[in-house]
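Following: one structure in structure tokens, then a few remarks.
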Ligand SMILES: [Zn+2]
């Protein structure tokens, strides 16, 4: 069966397949995180390499080239990812990367580095195995540091024959203008709520509307919320935050197994909603707690809740490796309780 894409990208899919014989050597795909950009790009690459594409140009899903794509082993296809994300993709099972990083006792890089781009040169100058030419995907392209971007630029300026570059970016504004000017742009849209909700329900998602609210309509990000105890943990926390006289130490004890980063995300969305209500707006992330949020917001001083929210945002950078996760969580919750009691947060512990 020919491959297809998510329903909200059908139009872009038809358009790009129609141009499959005249695509430029560099394309930049952009759109918000969690809407399926990389899946789209992989299917484009697969279709361009397919030996017997369908009438509309979509990959057949059955030929040798398509079978290689299915197992992630196509000899003419490469993906460049930051080392840290490569490890996350395979849940730490990418042994070569793990060995590389641990042998030198350094943290896996968050960047696409110049050595990653240079390592492509051999691949670029080898003859391609198949007729479709070679495809190199950089994802997310904004992870390129300035040296990597300059090295890539050389390839974009003098495109090697038979090689196509596909950059995929959540935040294209972070890419240098020099890169932008050498790529043709393809914007992949965020789906409308109804379409995304229907799709999530088809995937067996328990809380499609709520998870879309939590992610700003990013269905693939929403899908990750179907894992483990996400919804019951969220309920434990938000019930605690909504309580009349919250018992924060008991709550922290109850939530002790939740990763602090996840907890921080929920707290940030909760305080964001409080701020929205204070400024006359509608609840954005937690529509199921609208009543409690409205009651709490009425009692709070905007300035204090804004300060607390800002302090939570500042913790974003340190939360994935706190010195003492337990203490970190307790502090976030105790500070929230202090805000509720109307205490002023002059010396807010953002540490
Ligand atoms: Zn095929």
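Things to note:
- For the pair residue 161 and residue 291 in one chain, pulling the backbone fully straight at 0.36 nm per residue adds 40.7 nm over the alpha carbon distance.
- Extension gain for residue 193-residue 326 works out to 44.2 nm (0.36 nm per residue, less the C-alpha to C-alpha distance).
- Estimated purely from DSSP H runs of n ≥ 4, each contributing -39500 (n - 2.57), the mean residue ellipticity at 222 nm for the chain is -14500 deg cm²/dmol once divided by its residues.
- Relative contact order for segment 7-189, counting Cα pairs under 8 Å that sit 6 or more residues apart, in percent: 34
- Between residue 32 and residue 303, the simple spin-label model (points 7 angstrom out along Cα→Cβ) gives 3.3 nm.
- Pairwise centroid distance, computed over Cα atoms, of segment 184-215 with segment 18-71, Å: 22
- Sequence-distant contacts, meaning Cα pairs under 8 Å at least 6 residues apart, place the relative contact order of the chain at 17 percent.
- Cα-based equivalent ellipsoid, segment 7-189: semi-axes from gyration tensor eigenvalues, Å: 25, 19, 17
- For the chain, the Rg and Dmax computed from alpha carbons only, in angstrom: 23.5, 69
- Residues within the reach of a label modelled at residue 10 (point 7 angstrom out along Cα to beta-carbon, backbone nitrogen below 11 Å), restricted to segment 158-202: there are none.
- Fraction of beta bridges assigned by DSSP in the chain that are antiparallel (%, nearest 5): 0
- Take every pair of alpha-carbon atoms less than 8 Å apart whose residues are at least six positions apart; their mean separation over the length of segment 187-243 yields a relative contact order of 28 percent.
- Looking at segment 7-189 alone, DSSP beta bridges between its own residues are antiparallel in about 0 percent of cases.
No value in this document is a laboratory result; all are computed from the given coordinates. Everything quoted here is computed from the prediction, not taken from an experiment. Cβ sites come from the backbone with ideal geometry, for glycine too, and all protein chains shown count toward neighbours.
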